[in-house]
1. What nm distance separates the two modelled labels at Glu77 and Trp520, each placed 7 Å from Cα along Cα→Cβ?
2. Return the subset of Lys371/Lys727; Lys183/Lys243; Lys232/Lys381; Lys560/Lys706; Lys680/Lys717 for which the Cα-Cα distance in this structure is over 30 Å, preserving the input order.
3. If the only charges are +1 at each Lys and Arg Cβ and -1 at each Asp and Glu Cβ, what is the size of the charge dipole of the chain around the Cα centre, to the nearest 20 debye?
4. Taking the number of other C-beta atoms within 10 Å as the exposure measure, put Tyr453, Tyr174 in order starting with the fewest.
5. How much length, in nm to one decimal, is gained on full extension between Ser746 and Glu123, taken as 0.36 nm per residue of separation minus their Cα-Cα distance?
6. Just how many % of Cα pairs in region 373-444 lie over 17 Å apart, if you round to the nearest whole percent?
7. Could you please state, rounded to a whole Å, how far the C-alpha centre of region 287-322 is from the C-alpha centre of region 22-43?
8. Between Ser298 and Ala135, what is the spin-label point distance in nm, taking each point 7 Å from the Cα along the Cα→C-beta axis?
Amino acid sequence: MIKKASLALCALCMSWTSTSAIDNAVDYVNTLVGTHSSFALSTGNTYPAIATPWGMNFWTPQTGKMGDGWAYTYDAEKIRGFKQTHQPSPWINDYGTFAIMPVCGEPIFDQDKRASWFSHKAETATPYYYKVYLADHDVTTEITPTSRAAVFRFTFPESEGSYIVVDAYDRGSYVKIIPEEQKIIGYTTRNSGGVPKNFRNYFVLKFDKPFTYTASVTEGNISTGSLESESKHSGGIIGFSTKRGEQVNVRVASSFISHEQAELNLREVGKDSFEKVAEKARKEWNDVLGRFDVQDMSDQDRVRTFYSCLYRSVLFPRSFYEIDAKGKVVHYSPCNGQVMPGYFFTDTGFWDTFRCLFPLVNLVYPSMAQKMQEGWANWYKESGFLPEWSSPGHRDCMVGNNSASVVADAYLKGIRGYDIETLWQAVIHGANADMPRTSSGRDQWEAYNRLGYVPYDKIRESAARTLEYAFNDWSIYKLGKALGKPESEIKVYGERAMNYKNLYDAEHKLMRGKLENGQWVPNFNPFKWGDAFTEGNSLHYTWSVFHDPQGLIDLMGGNKEFNAMLDTVFILPPIFDDSYYGGVIHEIREMQIMNMGNYAHGNQPIQHMIYMYNYSGEPWKAQHWLRETMNRMYNPNPDGYCGDEDNGQTSAWYVFTALGFYPVCPGADEYVMGAPYFQKMTLTLENGKKVVINAPENSDKNRYVKELKMGGKAYEKNYIKHGDLLKGATLDYVMDDKPNKKRGTSADAAPYSFTKELKGIK
């Protein structure tokens, strides 16, 4: 049996590597990208998620201690267990987590004592399959996932004492061993906030080998006379004798609803073999990643980087719903603690992901986008607010009211089939209220509505809030217009969309904080991080006028002055003032070491800034700096990011930029042009239409767009319409090593700006 299983896996692996790239896009994914990170310096702050796209549960090898947000770091030497994780970020940390660990010799529960040395040379990490050799125990662990379940396979040595430890973690947990059913059940309450008092993650494990040893664990004490433990920190150990090479399979599932639902969720693996589960997960990944066909294999590292970024782009937001015994979609609500009907999604920070992660989902995966919008409506019904940072419930992290943009972009991009009226009420409510002790709603909304800005002397990061509120107001205004809401109801939001102007300082040509009395905050330093801004400075945030770049151009005195200010970001050395934080935060350090001046791509506020050259008649500069950013700041290795990956946002930036366009203004029917990164790529949309991008002369040298034809006709605009992409489009580029300073320079080549709309300029 063992030999047959090994041969089957070998045959499966051979089939996985024998077909074409587009059929097997997942083969180019490196799940370890971004794992060579630390508190002081982030190269992604990721972990290798063994999962399915948008899955409810992820699994990861655990190198960090229990409760450490850095669950897996590339430079670690030992693995403590294999953890079910729901962590969106090390800064927000984890919830609903428990761990499984094989050990040999003696039954060991302590996380440090059971830890085993491992090597990346004896590790295979893919989205759908993970394998590692645990040297201290002479055990090989394999994992393959579904959305709510997984199968583990442990290959043991010759031993009278082979054990599997189940650690339900501290802060309240329960484990029960049921030998007659070869089963362990339990729950964990471990969380990092954002949960009701009744929060539990219920789990079930079923083994294919009878137990010869059983013990419960309570507060670290191993008791062979007990099968059950309910305590602050509970666990269980089962064991058996094994022959060398003997494989033990464990089927595991969990539920946020009940043990009974966890058993139902176990149906996702059913009686399938380990290989079959892996094959299905592999196919699911290829179906999702395969929407993009990179047909340029001249640089394998770029292909690997692209698909590794795409993998990260479809992990979050996390599905937080289950299928009950009647086949109905239900979810445990982290808002009210009840089991509710319908879809639910979590583990995303809209401050990051509104920028291009959700626009990517809306363009490429609209059926998933529809489910997500239903999920956001349920958030409002169950808590009275849309989330701004969720994990799993409302969290207090970052600023803005960017749920308005997430809702608006989906509807304005044509996503339908959900309760948009409820979401309309949600965005209106969120603009005029705040949810205490969370980021949801708008903090200082009354002052903002009264003054036209958030006053510096009322709250931290006031300028960042103002700029984002203004864009959110534009989002509400445009959504209201699309829904046919009366002008009397939506006019105020159109007016407030111009509030960004209240923080523009003409002397410095920059945004800055303002006091409640209307005076500027004294001692302005454009290099000061934080303070009036969020994890950035004035040079980074001044460009956060997504909906009205032309208005910002006008404030600065025209294209020439605007471009000079853009240039300044790259010309300046990486000067910074860290006095607000009292030390160098990792975002500052990541900007400093990249040798791109004050451009801080490792954090979100400035990620769209390079595309701004398209609004001011110098698109070739965007083409230059986008190529520099792609080449310098991304790679397919463990240090592959230039800062936090952030729930798919930084990855989605790479995906869009590789296509050659980007959603500077979510909610607008346009993407701003850059330049394609590959010689050929085809995007297959959900409606079956294809977007074909041809750039045969493309290279690092030939990075400039000399000519562009769409559908065989010359195309001079610096943007492309969403609606045109949905119809299918062929973009034929002629690339050159010299910038074409005539193409895209006219006023009508510029992308959308609200100022132009108000003036009736198309």
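1. Taking the two extended label points, one gets 5.5 nm.
2. On the way: Lys371/Lys727 23 Å; Lys183/Lys243 22 Å; Lys232/Lys381 33 Å; Lys560/Lys706 22 Å; Lys680/Lys717 21 Å.
Checking Cα-Cα distances, Lys232/Lys381 exceed 30 Å.
3. On the way: 82 positive and 89 negative charges, 290 e Å.
Using Cβ point charges on Lys, Arg, Asp and Glu, the chain gives about 1400 debye.
4. Numbers: Tyr453 26, Tyr174 20.
So the ranking, lowest neighbour count to highest, is Tyr174, Tyr453.
5. Numbers: separation 623, 0.36 × 623 = 224.28 nm, distance 5.42 nm.
Contour length minus Cα-Cα distance gives 218.9 nm.
6. Values: 909 of 2556 pairs.
Distances greater than 17 Å cover 36 percent of the Cα pairs.
7. The distance from the Cα centre of region 287-322 to that of region 22-43 comes to 11 Å.
8. 4.2 nm
The numbers here are math on the coordinates, done by the rules we state, and not lab data. These numbers come from a predicted model, not from an experiment. No Cβ is skipped: glycine too gets one built from the backbone with ideal geometry, and neighbour counts run over all protein chains shown.
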